[in-house]
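Asks: Sharing a structure with you now.
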Amino acid sequence: MSTETLSLSRAMNEGLRKAMENDPKVLVMGEDVGKLGGVFRVTDGLQKDFGEARVIDTPLAESGIVGTAIGLALRGYRPVCEIQFDGFVFPAFNQITSQLAKMRMRSLGTLELPVVIRIPFGGGIGAVEHHSESPEAYFTHTGGLRVVACSNPSDAYTMIQQAIACPDPVIFFEPKRRYWDKAPVELDLSAAASFESAVVAREGTDVTLLAYGPMVKTCLEAAQADEERSIEVVDIRSLNPLDESTVMDSVRRTGRCVVVHEAPVFNGYGAELAARITEKCFYHLESPVLRVGGFSTPYPPSRLEDHYLPDLDRVLDAVDRTFEW
Amino acid sequence: MSTETLSLSRAMNEGLRKAMENDPKVLVMGEDVGKLGGVFRVTDGLQKDFGEARVIDTPLAESGIVGTAIGLALRGYRPVCEIQFDGFVFPAFNQITSQLAKMRMRSLGTLELPVVIRIPFGGGIGAVEHHSESPEAYFTHTGGLRVVACSNPSDAYTMIQQAIACPDPVIFFEPKRRYWDKAPVELDLSAAASFESAVVAREGTDVTLLAYGPMVKTCLEAAQADEERSIEVVDIRSLNPLDESTVMDSVRRTGRCVVVHEAPVFNGYGAELAARITEKCFYHLESPVLRVGGFSTPYPPSRLEDHYLPDLDRVLDAVDRTFEW
Amino acid sequence: MTIDAARGAPPSTGAQSPSAPPELVQLLTPEGERVEHPEYDVELTADEIKSLYRDLVIVRRLDQEALALTRQGELGVWASLLGQEAAQIGSGRALRPTDMAFPSYREHGVAWCRDVDPVSVLGLFRGVNHSGWDPREHNFHLYTIVIGSQSLHAAGYAMGIQRDGGDDAAIVYFGDGATSEGDVNESFVWSAAQNAPIVFFCQNNQWAISEPLERQSRIPLYRRAEGFGFPGIRVDGNDVFAVLAVTRKALDNARSGQGPTLIEAFTYRMGAHTTTDDPTRYRLEAELEAWKLKDPIERVKAYLVKNQMADKDFFESIDDEAKTIGSDVRRRCLELPDPEATAIWENVYATDHSLLAGERDQFTSYLGSFEEVTR
Amino acid sequence: MTIDAARGAPPSTGAQSPSAPPELVQLLTPEGERVEHPEYDVELTADEIKSLYRDLVIVRRLDQEALALTRQGELGVWASLLGQEAAQIGSGRALRPTDMAFPSYREHGVAWCRDVDPVSVLGLFRGVNHSGWDPREHNFHLYTIVIGSQSLHAAGYAMGIQRDGGDDAAIVYFGDGATSEGDVNESFVWSAAQNAPIVFFCQNNQWAISEPLERQSRIPLYRRAEGFGFPGIRVDGNDVFAVLAVTRKALDNARSGQGPTLIEAFTYRMGAHTTTDDPTRYRLEAELEAWKLKDPIERVKAYLVKNQMADKDFFESIDDEAKTIGSDVRRRCLELPDPEATAIWENVYATDHSLLAGERDQFTSYLGSFEEVTR
Ligand SMILES: Cc1ncc(C[n+]2csc(CCOP(=O)(O)OP(=O)(O)O)c2C)c(N)n1
Ligand SMILES: Cc1ncc(C[n+]2csc(CCOP(=O)(O)OP(=O)(O)O)c2C)c(N)n1
Ligand SMILES: [Mg+2]
Ligand SMILES: [Mg+2]
């Protein structure tokens, strides 16, 4: 076992590098992923080491990125596409929903589509519009896709490799504002949990916080800050499929639950969690599952994002409310 | 007051015609909407009567349909776009989510985007793939859009006119398999309920069925067929914004609720209804809000759609279960 | 409201008509005369020509069988290839087995050339599956209904060929209407920038459902390619010789590192768009009559007769064979089993998926509850 | 894994280089010599030239001010127009007030021509709003960051002009990279088919962030238009006279019912893509040096001097004015107030929206709860 302290973006980079070393069919493609190494430097140095045929600076056309990745997969490759920012995945939406997600099923299982679509997502970095979106619910509602989000360097390193090894298409969300967070990373994957599993990131007994991606850290901080209650934090990690047993176990133990994400609450992923948990844990719940998230508006100008994004106070306010029912 | 018996598709046609007569800025655009009158004949005869400048057979390019409609709206027009089938709205997804939905807000309210996007949606007509989708949740999760669905000829006639008159962009879902259903239509709009309101389509006391579009009829039939229980059916009509008071009133009265839609259950619109109702009516609920819908898979080949789509039996099975808690 | 005439009323005042005059590559006239072309030619033995003739007759027959099955309620819908046989057989026969073809939804003739069992083509239209063949086995991809999407798959596949080495090529089929979609144009961008070994095969059948070509373009479609920096060529799509020659050349260019070519096969959709369409609402009988004279099969027959390459017996035997194949396909179509309900959850993911497993189990026990009642 | 060299290693073996040789319309050489062009010319008085010079200097100064503000943390990010002043001023000054312009995110020079207060251009970059001007008041649309989207808005707007009559025109700005997006190509399709009064103004500044033009196209971009059936033309984008002449002509053609034109303004992005970019990672200093010699401002200055149209005093007064405007903008930028939290829910819908009202009220009382504690 060997560990190394890495930033999340560096851990992504090491994970990609490992995957490329292990399998010559793995390709990296996207806008500016080559010499520049991507706008977040996640692909830094890969083109230099693996060449232009495997690390492809693509035309500026997202539908094309996903569409040609599908074609490459049909020819036996394992493309890892980078969508430069969350807000730019929408031109590729048709290729993702109608083609990538459905092709295996449409082919009666004869075709395999091991395509990973990496999306740096979420706000909190003071960016201009379209650079802070949280579009995960569009994908979790789309059968045929696996949807995961990493929250820390260790998972970034591990989960990207698991996603690339997966024979199904994976939408891989990266918590943009955590790219610079550092933590020790275990470089040996052999003991790693499956990327389909949720993990209890912090144990507690009074209330469960459910989160993924950037909000896991926020929830951990909230749990830490709360001196009165014992707060459990579950890192969902895999949004589809959902690791129901880990989630339900926790809620059944605590009897209270708050779901936290940056995406708008209305019809967001939290709605599914709340509905499912209520159905599965009806008699265990002391209060309804509450949701803390972005508002049902377009993402605001960055000077307002501190209001828009859930923070420690808003999370704890919701925790308070679960005790007031 | 004058009523006329019309099919749903004919009622749509009459509603469009009225809107075009009342306002010379109203345009109809889409693939095959001209001479052919649309594949469902919803625009039948409009080009003949209003000319090619107002009823536009567009290039085969959905992003272009919505993108140019935005431009036409910026020049003072009120375009009504037809997307030929639900499965073909995805190429326009970027224009809808990042441009149409956000432009008013981005312009600090100086720009108005009175664009209606009509989408015949849902299955049950034995069609080939991509012709039976229920993509509403993608739009209800997108702030800036109004999302409505009509379920009967009368609402089709009324709601399309209200949608066209609305200064905001409206995603207008039409229940494809109900196009041929006939009913009396009140032609005078003056007494019509706002298209933002839900309506109690059938009164009952034991359990509330919530539905919209094609599933309203299914729920009414289920309610009718159940001789043991008194089932209330609420036609949601407006998915965003949701008429919470009508919905919550009903559930508080009955204490039980089943949500029915054709779309996949996972992160579907029913998730939002279930989560919201549970939060607002926690102590009124005798059992969790149950959801009946499509499965979390791509839409199956049509020979399997009777299994995939909620029907009377599956709705009543869920009703049964709400009494077993 | 009127449109200022001087500004050009949309969409009628295109600078140049997109469909006329059809300056195109032709090697066989509608009357069955062989003509020379300075750049394109093809040497064909009598057997080869007869084989092409056989293909043309069989795929037309299969098409008629499918139409009949649809009328009888055995298929939900059918997209007829009537009139486009030469475009499909000519291009399909130009392919090598290891080349990869990406069809839209009307390429039943190409499917035939790729040895796809005609019955498996019917599955989609009968509603028993979304596709009935293994695309890898035939190097013939799934039908793609969402217009234009497959063009990018083909471009990506061709990029894969480049990375593998060797001299395969990819070909992608789409219609005149499809040229308006962003995806088709992006596939031009990608293929040109990557110099990918791909042939874009556009069957310009003059109509996109009810819309004539003028709604999509004001110049001939083959010229679109120039703007992206690769050659475009218009071929008589009803002339199987010319289509074969032009496609072969384009494929060879792709193989030898010269990148993409756009072929516009100028043809005509003789039938309705699909069996649910009513073309009398939007087009004139006269147009149809004019195109009947350019029939892709008649001209080969005339050529064979004129050159005494085939006699009445031959033509009859082909008709008989087509009939036999047709009846066989009809019989096997009726035997196509409806899928089991549990097929809904199959093949969606390669590996186990807890959500789907849960749904499937719940539904199975729900179905079981009826049996209990019945018992 | 290697790529078979014979098949053309992507993406280097384009048939023709997309950036060279730049055969383009030029009316003023980098040295400030006036040259003739058989098709394009422009008559300008000394005052007009001085006015153009003033524009160029001011917008460069404003750009520098914005860069400084960004370095000081007053703006979150800035997309510099350095090097592209002539392309923007030349085209912006060719517009009539009633023409409508659709910018991308770098057209601060065009904004200047449309009388948009430079401070309101900063709002987006400072994060206080998504746009600070009323697009209807200036006939200058919002900045559009999602590459290419605005091209369809412009096409639709131009279709609206057709329906209204009159002789307005629309112009849309996008970059070289943007030409790969489906939307831009669809806007070509639409505008051609509808014969819409529109000018596509592509500032080819040679780079899309780190990607050189070769990643997008293997032939010069202006030629893309041919494929769609309308004229494309390349102009020296650093020559304000030529840009003005070419844009004016294209707009006039649009006005008179001749439909769209694509103008490729051949220029260079002298700075980083934005202030968060580091161009040393991907491009060579030498390229920058070469383009410095083609500076768009120096050549006008040289011309004015050579022709004794302006003296030292004039140049100093312009510099002073630019400085004054710059400081004023800086001062007012710092004064831009942060929006109220409730602005999150404002202007999302035109009329009341129960969901948003509920969220706003809940949030307001949540914020209020802190005040209670503080009191
Ligand atoms: C993205 C998308 N939009 C709309 C449709 C509906 N549709 C099916 S076929 C067709 C016309 C296609 O015309 P063309 O490309 O010329 O092909 P053809 O049918 O003539 O072979 C349309 C609009 C679709 N299948 N996909
Ligand atoms: C749809 C989309 N994809 C990606 C981006 C990220 N991005 C911003 S600018 C840019 C490059 C644009 O290049 P070009 O069109 O040449 O314009 P320039 O910046 O050079 O003016 C990219 C990839 C975006 N804004 N929108
Ligand atoms: Mg066609
Ligand atoms: Mg550029």
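Asks: Mind listing the long-range amide H neighbours of B:ALA201? Cut-off is under 5 Å, sequence gap 5 or more, other chains count too, H placed in the peptide plane at 1.01 Å from N.
Replies: Distant-sequence amide H within range of B:ALA201: B:VAL233, B:VAL234, B:ASP235.
Asks: On to the next question. So for B:MET215, A:MET248, fewest C-beta neighbours within 10 Å to most, what's the order?
Replies: Going from least to most buried by this count: A:MET248, B:MET215.
Asks: Which helices of chain D meet both criteria: a Cα extent of 24 Å or more along the helical axis and a mean Kyte-Doolittle score no lower than -0.5, with helices taken as whole DSSP H segments?
Replies: In chain D, the long hydrophobic H runs are D:46-71, D:354-374.
Asks: Have a look at region A:173-263 and give its Rg and Dmax from the Cα atoms, expressed in angstrom.
Replies: Both quantities, over Cα of region A:173-263: 13.4, 39 Å.
Asks: Sequence-distant or interchain residues sharing an amide H contact under 5 Å with A:VAL55, placed H: which?
Replies: Answer set, sorted by chain and number: A:VAL28.
Asks: While we're on this one: Charges at C-beta only: +1 for Lys and Arg, -1 for Asp and Glu. How large is the resulting dipole of chain A about its Cα centre, in Debye rounded to 20?
Replies: Computed charge dipole of chain A: roughly 980 debye.
Asks: For the protein assembly as shown, what number results from the quotient of the Cα radius of gyration and 2.2 N^0.38 Å?
Replies: Numbers: Rg = 31.1 Å, N = 1400, 2.2 N^0.38 = 34.5 Å.
This ratio for the protein assembly as shown stands at 0.90.
Asks: What is chain B's relative contact order, in percent, from Cα pairs under 8 angstrom and six or more apart in sequence?
Replies: 16 percent
Asks: Sticking with this one: Can you give me the Rg/Rh ratio for region D:245-359, using Cα atoms for both radii and the Kirkwood formula for Rh? Could the numbers behind the result be given before it?
Replies: Numbers: Rg = 23.4 Å, Rh = 20.6 Å.
So for region D:245-359, dividing Rg by the Kirkwood Rh gives 1.14.
Asks: If each Cα of chain D is one equal point scatterer, what is log10 of I(q)/I(0) from the Debye formula at q = 0.11, 0.15 Å⁻¹?
Replies: -0.81, -1.38
Asks: Another question about this same structure. Please report the net charge: other residues with Cβ closer than 11 Å to the Cβ of C:TYR303, K and R +1, D and E -1.
Replies: Here the charged neighbours net out to +1.
Asks: Could you work out, residue by residue across D:215-224, how many beta carbons of other chains sit within 10 Å of that residue's beta carbon, and then give the average as an integer?
Replies: Taking the mean over all residues of the peptide, I get 6.
Asks: Now a separate question. To the nearest 500 deg cm²/dmol, what mean residue ellipticity at 222 nm is calculated for chain C from DSSP H runs of n ≥ 4 alone, each contributing -39,500 (n - 2.57), summed and divided by the residues? Spell out each step's value before the answer.
Replies: Values: 13 runs with 169 residues, N = 375.
Value at 222 nm, helices only: -14500 deg cm²/dmol.
Asks: Along the charge dipole of region A:198-281, pointing to its positive end and built from +1/-1 on Cβ of Lys, Arg, Asp and Glu, which listed residue (A:THR254, A:THR218, A:CYS281) has its Cα farthest out?
Replies: So the residue we want is A:CYS281.
Asks: Quick check of the Kirkwood formula: for region C:135-233, what is the inverse mean of 1/r over all pairs of different Cα atoms, in Å? Please report the intermediate quantities before stating the final value.
Replies: Details: mean 1/r = 0.0713 Å⁻¹.
Result for region C:135-233 stands at 14.0 Å.
Asks: Okay, moving on. Can you list residues from other chains, or at least 5 along the same chain, whose modelled amide H is less than 5 Å from the amide H of C:VAL235?
Replies: For C:VAL235, the qualifying residues are C:VAL25, C:GLU264, C:ALA265, C:PHE266.
Asks: To continue, here is another question. Report the rotationally averaged projected area of region B:29-82 based on its alpha-carbon convex hull, in square nanometres.
Replies: 3.4 nm²
Asks: Still on this structure, I have one more. Taking only the alpha-carbon positions of region B:3-191 and ignoring solvent, what does the Debye formula give for the base-10 log of I(q)/I(0) at q = 0.12, 0.13 Å⁻¹?
Replies: Ignoring solvent entirely, the Cα scatterers give -0.51, -0.61.
Asks: Contact order normalised by length for region C:75-134, with contacts defined as Cα pairs under 8 Å and 6 or more residues apart; what percent is it?
Replies: With pairs under 8 Å counted, the relative contact order is 37 percent.
Asks: Over all residues in B:108-120, what is the mean tally of Cβ atoms on other chains that come within 10 Å of each residue's Cβ?
Replies: Average per residue, whole number: 3.
Asks: Would you mind checking the tilt of helix A:8-22 against the longest principal axis of the Cα atoms of chain A, expressed as 0 to 90 degrees and rounded to 10?
Replies: Its long axis makes an angle of about 40 degrees.
Asks: Normalised by the residues of region B:199-322, what does the relative contact order come to in percent, with Cα pairs under 8 Å and at least six apart? All intermediate terms of the calculation are to be shown ahead of the outcome.
Replies: Values: 230 pairs, mean separation 33.6, N = 124.
Averaging sequence separation for qualifying contacts and normalising by length gives 27 percent for region B:199-322.
Asks: Follow-up question, since we're still on this one. Please identify every one of the trypsin sites (Lys or Arg not before Pro) in region C:165-243 that sits in a loop by DSSP and has no more than 15 other beta carbons within 10 Å of its own beta carbon.
Replies: Details: sites: C:ARG215, C:ARG218, C:ARG223, C:ARG224, C:ARG234; in loops: C:ARG218.
Listed in order of number, the matching sites amount to none.
Asks: How far is helix A:244-254 tilted, in degrees, relative to the longest principal axis of the Cα atoms in chain A, given as a value from 0 to 90 rounded to the nearest 10?
Replies: The helix A:244-254 is inclined about 20 degrees to chain A.
Asks: Taking Cα atoms, how many degrees apart are the long axis of helix A:62-74 and the longest axis of chain A, rounded to 10 and kept between 0 and 90?
Replies: 70 degrees
Asks: May I pose another question? Per the Cauchy relation, a quarter of the hull surface: what is the mean projected area of the convex hull of the alpha carbons in region A:82-208, in nm²?
Replies: Its average projected convex-hull area is 9.8 nm².
Asks: Continuing with this model, one more query. Any chance you could get the radius of gyration and Dmax over the Cα atoms of region B:202-325, in Å?
Replies: Over region B:202-325's Cα set, Rg and Dmax evaluate to 13.5, 42 Å.
Asks: Now, a different point. Taking N as the number of residues in region D:64-105, what value does Rg over Cα atoms divided by 2.2 N^0.38 Å take?
Replies: Working it through for region D:64-105, the quotient is 1.47.
Asks: Grab the DSSP H runs of chain A that are 4 residues or longer, score each as -39,500 (n - 2.57), total them, divide by all residues and round the 222 nm result to the nearest 500 deg cm²/dmol.
Replies: One gets -9500 deg cm²/dmol as the mean residue ellipticity at 222 nm.
Asks: Would you kindly calculate the mean projected area, averaged across all directions, of the convex hull enclosing the Cα atoms of chain B, in square nanometres?
Replies: 16.2 nm²
Asks: Please list the equivalent ellipsoid semi-axes of region C:55-211, computed as the square roots of five times the alpha-carbon gyration tensor eigenvalues, in descending order and whole angstrom.
Replies: Each semi-axis is √(5λ); the values are 26, 17, 14 Å.
No lab work stands behind these numbers, since they all come straight from the coordinates. What you are looking at is a predicted structure, and each value in this text was computed from that prediction instead of being measured. All Cβ positions, glycine included, derive from the backbone under ideal geometry; neighbour counts span all protein chains shown.
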